[in-house]
1. Among the residues of region 268-283, write down those that are within 15 Å of A309 (Cβ to Cβ) and assigned to a helix (DSSP H, G or I).
2. Could you give me the residue pairs with C-beta distances under 7 Å whose first residue belongs to region 381-393 and is closer than 13 Å to R367 by Cα, whose second residue is small (G, A, S) wherever it lies, and which are 6+ apart or on separate chains?
3. Please specify each residue of region 313-335 satisfying the condition of being open to solvent by 20 Å² or more (accessible area, probe 1.4 Å) and either under 19 Å from L356 (Cα atoms) or acidic (D, E) (or both).
4. I'm checking my understanding of the structure. Among residues of region 601-638 that are open to solvent by 70 Å² or more (accessible area, probe 1.4 Å) and of a type in the set (A, V, I, L, M), which one is farthest from G422 (Cα to Cα)?
5. Is there a residue being in contact with a strand residue (DSSP E or B) (Cβ under 8 Å, 6 or more places away or on another chain), within 28 Å of R503 (Cα to Cα), in a loop (DSSP other than H, G, I, E, B) and open to solvent by 10 Å² or more (accessible area, probe 1.4 Å) anywhere in region 298-311?
6. If a residue must be open to solvent by 40 Å² or more (accessible area, probe 1.4 Å), in a loop (DSSP other than H, G, I, E, B) and modelled with pLDDT of 80 or more, how many such residues does region 526-543 contain?
7. Scan region 188-214 residue by residue and report those that are in contact with a Lys or Arg (Cβ under 8 Å, 6 or more places away or on another chain) and either closer than 20 Å to S333 by Cα or in a strand (DSSP E or B) (or both).
8. Sort through S128, S106 and tell me the only one that's closer than 30 Å to A300 by Cα, out of contact with any helix residue (DSSP H, G or I) (no Cβ under 8 Å at 6 or more places or on another chain), free of Cβ contacts under 8 Å to residues at least 60 places away in the same chain and of a type in the set (S, T, Y).
Amino acid sequence: MKEHSGEKSVMTALHPELEVVLHERFGLKSFRPWQREAIEAVLPQGSRVLVVAPTGGGKSLTYQFPATILPGVCVVISPLVALMEDQVRGLQARGIAATYLASTLSAEVRQAREAGLRQGHFKLVYVSPERLAFDSAIEQLARLRPSLVAIDEAHCISQWGHDFRPDYARLGEVLEKLRPPRILACTATATPQVRRDIRDSLRYPPERAVEILRGFARPNLHLSARSVDGPTEAMKLLQDELRARLGSVARPNGAAIVYAATRKESEKIAGKLAALGYNSAAYHAGLDPSVRTQVSRRFALRDVDVVVATNAFGMGIDRPDIRAVVHAQPPASIEAYYQEVGRAGRDGAEAHGLLLCSGVDIALRRRLVESASDGTRADEATIQRNWRLFRDLLRYLDAGTCRHDFVLRYFGDEREVLGGCGHCDVCASLDEPTDSERAEVGEVVRMALSAVARAKNRAGMIAIAEMLRGVDNAKTQRFGFTRLSTFGLMKDRSQDWVLALLRGLLAAGWIDLSTGEYPMPFVTKGGWAMMTSKDLVRFRLPRVRAKRSSGRTKSEGTQDTAQWSLSDKALFERLRGWRAKVAKDRGDPPYVIALDKTLHEIVRKKPSSLAALPGIFGLGPARIELYGSTIVELVRAS
């Protein structure tokens, strides 16, 4: 497999008019760099391309644009009729002939569209993967001899993806019958494993497969995550977040999406927000299709400001002024989370994503993982796979490094790693006091593991936390915890802190939860190895957070600048001037280009070569590639 370079390809020479077509057909001034890269990879005969770019990143252009300049018709395989309708409507508004075929159409309308396809009246036709389960539908498309087949939401192919669909898994066989000269698969979220599954399932020859992984970095998106006691605290934090991001309830300065894990909870939260005066609506798969369509349309038209939904909502939503996405309960995976939170801030302005999680939510997710769609127990392999995906999300929740960089590394997008975004909750806390006994991390972890082991699958995490804290009550006495050597080992810690520690052990894979209605923690094989090992433990203990006296972090202050020499101050001002110019040229806030803390470190370390830049806070591979040479020149000139 080849990773496509951003250099000019031979297709640029063959299609010098690409920007002209882009402006005339789509009304856009220029491509995003990776969009042109993807389109030039798709255009050659025999191309096999996989594009992975975030929600709202403009993936649809990578097949809509080639369809307008290639001969014949482009077939787009898309999972939702609403998504097809939306894209077809947008293309028709631009004068591009497009249609879709679905079971929701009357026989008369469907036959008229099929006749139009045979007569060459359309450049794009959208179909669902379920329609391609019928040989007659495949034969009908094969007779059109499509110049390109595009597969949207391609992560649905993989059993390791967060939205696996069996009909997608058969698309490799469908492509063998259609034999298109070009194939493009698109998705917003795909780990390296999922990307391998997509290429293998679609039968991409390794020597011709091109993978384009771009655009995951969303520096305008401020990410944060909080562990909460339960629904009451989650509701309070949700209200605080909406108030902070939307302002006035009566006249909000944007929109918000709130995600819940169940239909019941989505309706409950929507009702509470409506009682507070928000123009809110619930959305989930249990509602009548006409109600769901009405909610989506009202949200798009700005008649609804806050939608409270399950994961059924969001695909195809293209409202640019969403200022906040709040997960009142955690989703099933990091893939699902990043796709959902990525719906905020599509206009490039500042937006926020808040993830909330309680011990009750973890137990609920375990029950959901064990349930198949028909209400029966899922097979063991599916349970293990989905629980592993959720445990990755717990690792994100307990992350001790930049949340943006955590996500980028999870998806394998090392090129865009920021080296610290500077404004997620973890980056903002880097200068706060951390636990003063980090040398004792291993001892603390082993004490907690020992407590879980001694509980012998008899109690939940709350009771085990009470055991460690030395809480003498009816519950701990009934379990016999008050007589154990682990009773009271963490009596100086709060209940929240100990529960956060236990969730960290769960995220690390050292403990797990039993199956059943009431999941109980137990020590895993890896946990036993850790408990008996004398090696140092690489683990971030929960933080005891102190309140700030002001909104600025220490890194943004001037506590070190008083000792600067005149040349240091001059260099800092030159760096600030350069940052301001780049920010103005790109239309971005200055912090997106470089943080104050980054400029401070550059002044202090004075890197004289590109090799000296890695390790400076906020300078990841992407920023070094874009700005590294200029920074070094500014330092050398000083």
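The values are calculated or read from the model by the stated rules, or taken from the named source; none is laboratory data. This is a predicted model, so every value here is computed, not measured. Cβ sites come from the backbone with ideal geometry, for glycine too, and all protein chains shown count toward neighbours. Note: areas computed on protein heavy atoms with side chains; ligands, DNA, RNA excluded. Shrake-Rupley method; radii C 1.70, N 1.55, O 1.52, S 1.80 Å.
1. Correct list: K268, I269, A270, G271, K272, L273, A274.
2. Pairs that qualify, where the first residue is closer than 13 Å to R367 by Cα and the partner is small (G, A, S), are N386/A332; F390/A332; F390/S333.
3. D318, D321, R323, Q329, A332
4. So, considering only residues that are open to solvent by 70 Å² or more (accessible area, probe 1.4 Å) and of a type in the set (A, V, I, L, M), the one farthest from G422 (Cα to Cα) is A637.
5. Yes: region 298-311 contains one or more residues that are in contact with a strand residue (DSSP E or B) (Cβ under 8 Å, 6 or more places away or on another chain), within 28 Å of R503 (Cα to Cα), in a loop (DSSP other than H, G, I, E, B) and open to solvent by 10 Å² or more (accessible area, probe 1.4 Å).
6. 0
7. Selection gives A188, A209, V210, E211, L213.
8. S106 is the lone residue from the list that is closer than 30 Å to A300 by Cα, out of contact with any helix residue (DSSP H, G or I) (no Cβ under 8 Å at 6 or more places or on another chain), free of Cβ contacts under 8 Å to residues at least 60 places away in the same chain and of a type in the set (S, T, Y).
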